[in-house]
Each structure stands twice: as structure tokens, then as C-alpha cells.
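Below: the structure, in C-alpha cells.
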Amino acid sequence: MNPILETKNLTIKFGGHMAVNDVNLTIYEKQFKSIIGPNGAGKTTLFNLLSGQLSPTKGQIYLKGEDVTALSPAIRTRRGIGRSFQITNVFPNLTVIENIRIAVQSQMGIRYQMLKHFQKYLGIAEKAEQLLELVMLKNKANSFAKNLAHGEKRKLEIAMLLALETEILLLDEPTAGMSVEEVPAILDVIHTIKKQGKKTIILIEHKMDMILDLSDSVMVLFNGSLLAEGTPQEIMKNETVQSAYLGGLYDGSIA
């Protein structure tokens, strides 16, 4: 099986601080890989490198074997890498369905034309409705995005990423800032996407029960370096990980 995404000795320094240090990452097509580590471990910085928001000090990033290290975020998105952020990134003054339609139109290369109704474009409305249903926002279709609850905005952001038909989803703490009541809904959406088996998903998350439930593989970052990698069960039993990340308190049981 050929990797869909790889890094070779990926490194970035900010002054004297090594934020990501010689990370070699291999992601296979349709794999669900989670990245964990304490605050300041370099997880979001790694995502910024993969998506093109930052340029590495050294090292390479390969997408399907092609070196994309120098490509812009927009080009990487068109090539198949979609990124969510810890802060939601939607159009607040548009409705939910309008947000999704804009993403669908962007993927189709159709520019907005003020005098032409969106329904004149075959497939846009249908695709937007499908995505609306997938992320369980059908009852919010005509609500303005700014009026959504935080968890609903997260679901809308995921729908917009899916509308761009990205092959790889980089999900940066999708449950961050959510109330306990909101978390199950976003979990259901991610479960559905995984079950469809069409996407490669890379997740940064602190909720260990979520990591155990979703992940095929887990990598642990510590001080910018790759500390360990393996199945969720292997990672939970790894004494080095327990010491560095879990505080040595994990008892070896799987929730």
C-alpha cells in the first residue's frame, strides 16, 4: 500500500525553539490516524506545516509521492488536503446552506454571478443538501451561521471541507470549546465519515475515549519530536507515553 501523505525529517524552528523536530510521518489512504501530546508538543504546528500555513525550516512533505512542500495552502486544498481549525472558519452572515453551496461551487470552479440563480447550476443544490444531511444540520439550513451553537458551527465547517472533495481531512480538536451535550453530535458526524470509507482522516484531540474509539493508529508528539506510534492499545500501554503524556496514571485498561 502506497502512502497518501508523508513527511521526511520535517522540522521548523522559531528562534531557538524547535517546534517540530525531524518528524517522519506516514499516512495511508483511508487511514484514521490521531495525533496526541501535551500542550506545546507541536501538534497544531505540524498541521500548519501539512496544510501550508507554515513553511518548514527543513524537510519535505509528499502527497501521493509528489513533493508539495513549496505549494500554497490553496493549491494543497485543490490537491486534496482539507484543514479545520481550532477556531471555526465559516461565513457568519450567510445561511448554513449558502455556506455549503459556496464551497460546492468553489470545488466545481464556478464563480458567483449575482444575476444567475444558484439552481441554474446542475448538481450544486443536490450536493449541498446531501452534505447538510450528512452533518445533521438539515433543520438549520436557513439559519445564519452566526446564530449556530459552537458544535453546529463545527459540523458546518466539516460539511464545507467535504464539499471541497478533499481526500485528506485534518481535524484540529473538533470538540474544542464544546459543551458536554454537543460532543456526541460531532462524534456521530466523524463516525459517519469514517464508516463511508472514502476519506483519510488525521485528528488532533485530547479526549482519550474519542481517540480509542476512532483511531486505526496513534502517534505521540513530545517537545516537537515523534515519541511513539502504534495502535491505540499499544500507545495506552507504552510506559514512555504514560510518563510523558498520561502522567503515569493509566492502568492499562481500554475504555
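What is the extension gain from Lys13 to Ser106, computed as 0.36 nm multiplied by their sequence separation minus the C-alpha to C-alpha distance, in nm to one decimal? Spell out each step's value before the answer.
Numbers: separation 93, 0.36 × 93 = 33.48 nm, distance 3.43 nm.
Using 0.36 nm per residue and subtracting the Cα-Cα distance, I get 30.1 nm.
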Rounding to the nearest 10 and keeping the result within 0 to 90°, find how far the Cα-based axis of helix 96-108 lies from the longest principal axis of the chain. 80 degrees
Read phi for every residue in the stretch 51-64 and hand back ³J(HN,Hα) as whole Hz from Karplus 6.51 cos²θ - 1.76 cosθ + 1.60, θ = phi - 60°, with x for Gly and Pro. 8, x, 5, 10, 9, x, 5, 7, x, 10, 10, 10, 10, 6
Send over a whole-number figure in Å² for the accessible area per residue of the chain, probe 1.4 Å. 49 Å²
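Evaluate the Kirkwood expression for the hydrodynamic radius of the stretch 130-255, namely the inverse of the mean inverse distance over all pairs of different C-alpha atoms, and round to one decimal in Å. Before the final figure, lay out each step's value.
Working: mean 1/r = 0.0623 Å⁻¹.
About 16.1 Å for the stretch 130-255.
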Between Thr231 and Asn89, what FRET efficiency follows from the Cβ-Cβ distance if R0 is 51 Å, with the result rounded to 0.05? 0.95
Per-residue ³J(HN,Hα) for the stretch 220-230, Karplus 6.51 cos²θ - 1.76 cosθ + 1.60, θ = phi - 60°, Hz, x for Gly and Pro: 10, 9, 8, 6, x, 10, 6, 8, 7, 8, x
Tell me, rounded to the nearest percent, the portion of alpha carbon pairs in the stretch 177-239 spaced more than 21 Å apart. 30 percent
Residue separation between Thr192 and Lys30 times 0.36 nm, minus their alpha-carbon distance, gives in nm 57.0 nm
To test your reading of the geometry: what angle, between 0 and 90 degrees and rounded to tens, separates the Cα axis of helix 150-163 from the longest principal axis of the chain? 80 degrees
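What pairs from Lys127/Lys199; Lys13/Lys33; Lys58/Lys155; Lys8/Lys237; Lys8/Lys146; Lys43/Lys194 go past 29 Å between their alpha carbons? Could the numbers behind the result be given before it?
Numbers: Lys127/Lys199 17 Å; Lys13/Lys33 25 Å; Lys58/Lys155 35 Å; Lys8/Lys237 27 Å; Lys8/Lys146 40 Å; Lys43/Lys194 21 Å.
Going by Cα-Cα distance, Lys58/Lys155; Lys8/Lys146 fall outside the 29 Å limit.
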Rounded percent of accessible protein surface that carbon and sulfur make up, the chain, 1.4 Å probe: 50 percent
Round to the nearest 10 and give me the degree value, 0 to 90, for the angle of helix 183-196's Cα axis relative to the longest principal axis of the chain. 90 degrees
Working out 0.36 nm times the residue gap between Glu129 and Ser72, then minus their Cα-Cα distance, what length gain in nm do you get to one decimal? 17.5 nm
Mind ranking 210-219, 188-197 by how tightly packed they are, going by the mean number of other C-beta atoms within 10 angstrom, highest first? 210-219, 188-197
Sorted by chain and number, the residues with a modelled amide H under 5 Å from that of Val20, at a separation of 5 or more or across chains, are Ile12
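The values are calculated or read from the model by the stated rules, or taken from the named source; none is laboratory data. Keep in mind the model is a prediction, meaning the values are calculated, not measured. Virtual Cβ from ideal backbone geometry, glycine too; neighbours counted across all protein chains shown. Areas reflect the complete protein model, heavy atoms only, side chains present, ligands, DNA and RNA absent. Shrake-Rupley method; radii C 1.70, N 1.55, O 1.52, S 1.80 Å.
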